[in-house]
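Structure first, commentary second.
The values are calculated or read from the model by the stated rules, or taken from the named source; none is laboratory data. From a predicted model like this one, the values you see are computed outputs, not experimental measurements. For neighbour counting, all protein chains shown are included, and Cβ atoms are generated from backbone atoms with ideal geometry for every residue, glycine included.
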Amino acid sequence: MSVPVLTIDGPSGAGKGTVSRLIAKQLGWRYLDSGSIYRSLAIAVLRQAVDLHDLGEICRVGQAMCLAFDCGDELGITLNGEDITPLLGLESTGNAASLIAAHPQVRQVLLKKQQDFKQPPGLVADGRDMGTVVFPDADCKVYLTASVEKRAHRRYKQLMEKGIDANLAHLTTEIEGRDRRDKERTTAPLSQASGAFFIDSSDMTVDEVIQKILQLLK
């Protein structure tokens, strides 16, 4: 039985997670947030005080970790039975995830974990390399982006709403740095997959983006 796959790739803060989760919920499909898999590994690595350049230990932690997704109104993730959702959005988590994701050995360890999410009735997968590496034969591919300023402002708003103090200028610099690392890494760099539809969400609402993608699916 062929399982349909929709991939939504793009840089940090483009709205991939929110859009992908809502589309998966609307279609009744499974959902994969690949960024959260890397962030979960980053949390596990930081907790065990593993050097971010110790590839052997990072891969060992990645192979051993057990993840479970809860796709309610908000994404929830348990790591080895513990709810780590509040830690996923921390800048320290995101920065560590971006650093360890640049290593080919780490990406190979997590590749199979991601591909296992492809199950009936369908899958919506969001990340940096879903359409280029993880699911290159996906039925529909989207590259979702927005200006750095818009993405930084969205992130700032999210953090403030959660009661987390943030600095807009610092967030802008962080996002620019993460974009650069994601695009310049030698393994699975962030890029628009062949055949992917380009969507700039800078001046679009979440619902407008969702309707656009659902039209492409049809």
**Report entry** In the stretch 72-97, residue modelled with the highest pLDDT [restricted to those that are of a type outside the set (G, A, S), buried (at least 18 other Cβ atoms within 10 Å of the Cβ) and within 19 Å of Q114 (Cα to Cα)]
**Finding:** I84
Query raised in the report: Name the pairs: first residue in the stretch 101-112 and touching a residue at least 12 places away in the same chain (Cβ under 8 Å), second residue surrounded by fewer than 20 Cβ atoms within 10 Å (Cβ to Cβ) and among the basic types (K, R), Cβ to Cβ under 8 Å, at least 6 apart or on different chains?
Result: A101/R185; A102/R181; A102/R185
Report summary line: In the stretch 183-218, anything more than 17 Å from G131 (Cβ to Cβ), touching a residue at least 40 places away in the same chain (Cβ under 8 Å) and among the aliphatic types (A, V, I, L, M) is listed as V206, I210, L214
Query raised in the report: Which condition does D182 not pass, out of (1) buried (at least 19 other Cβ atoms within 10 Å of the Cβ); (2) of a type outside the set (S, T, N, Q); (3) outside any helix (DSSP H, G or I), if it passes all the others?
Result: (3)
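How many of the residues in the stretch 42-56 are surrounded by 11 or more Cβ atoms within 10 Å (Cβ to Cβ) and without any contact (Cβ under 8 Å) to a residue 12 or more places away in the chain? Don't jump to the end; show me each part of the working.
Initially, the stretch 42-56 is screened for residues surrounded by 11 or more Cβ atoms within 10 Å (Cβ to Cβ), giving 42-48, 50, 52, 54-55.
Subset that is without any contact (Cβ under 8 Å) to a residue 12 or more places away in the chain: 47, 50, 54.
Matching residues across the stretch 42-56 total 3.
Give the residue that is surrounded by the fewest Cβ atoms within 10 Å (Cβ to Cβ), with candidates limited to residues of the stretch 195-218 that are among the β-branched types (V, I, T) and outside any helix (DSSP H, G or I). Before you say what the answer is, go through the steps one by one.
Here is the first cut: in the stretch 195-218, the ones among the β-branched types (V, I, T) are 199, 205-206, 209-210, 213.
Those left that are additionally outside any helix (DSSP H, G or I): 199, 205.
Working: I199: 21, T205: 10.
Among them, the one singled out is T205.
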Report task. Could you list, in sequence order, all residues of the stretch 132-154 that are of a type in the set (S, T, Y) and closer than 22 Å to Q108 by Cα? Result -> T132
**Report entry** Qualifying positions in the stretch 149-174 - among the β-branched types (V, I, T), modelled with pLDDT of 90 or more and either in contact with a Ser or Thr (Cβ under 6 Å, 6 or more places away or on another chain) or not in a helix (DSSP H, G or I) (or both)
**Finding:** none
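Is one or more of the residues making up the stretch 58-69 among the hydrophobic types (A, V, I, L, M, F, W, C), without any contact (Cβ under 8 Å) to a residue 24 or more places away in the chain and either closer than 22 Å to V142 by Cβ or surrounded by 16 or more Cβ atoms within 10 Å (Cβ to Cβ) (or both)? Let's see the steps before the verdict.
Narrowing the stretch 58-69 to residues among the hydrophobic types (A, V, I, L, M, F, W, C): 58-59, 61, 64-69.
In the following step, the residues that additionally are without any contact (Cβ under 8 Å) to a residue 24 or more places away in the chain were identified as 61, 64, 66, 68.
Okay, now just the ones that are also either closer than 22 Å to V142 by Cβ or surrounded by 16 or more Cβ atoms within 10 Å (Cβ to Cβ) (or both), so 61.
Yes, the stretch 58-69 contains at least one residue that is among the hydrophobic types (A, V, I, L, M, F, W, C), without any contact (Cβ under 8 Å) to a residue 24 or more places away in the chain and either closer than 22 Å to V142 by Cβ or surrounded by 16 or more Cβ atoms within 10 Å (Cβ to Cβ) (or both).
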Query raised in the report: Among (1) more than 17 Å from L110 (Cβ to Cβ); (2) touching a His at 6+ places or on another chain (Cβ under 6 Å); (3) of a type outside the set (F, W, Y), where does S20 come up short?
Result: (2)
Report summary line: G177 meets each of (1) small (G, A, S); (2) surrounded by fewer than 20 Cβ atoms within 10 Å (Cβ to Cβ); (3) part of a loop (DSSP other than H, G, I, E, B) with one exception, condition (3)
Requested in this report: Consider V142 carefully, then state whether it is among the hydrophobic types (A, V, I, L, M, F, W, C), in contact with a strand residue (DSSP E or B) (Cβ under 6 Å, 6 or more places away or on another chain), within 14 Å of G15 (Cβ to Cβ) and buried (at least 16 other Cβ atoms within 10 Å of the Cβ).
Outcome: yes
Query raised in the report: K157 is checked against (1) surrounded by fewer than 18 Cβ atoms within 10 Å (Cβ to Cβ); (2) touching a Phe, Trp or Tyr at 6+ places or on another chain (Cβ under 8 Å); (3) of a type in the set (D, E, K, R) and fails just one. What number does that condition carry?
Result: (2)
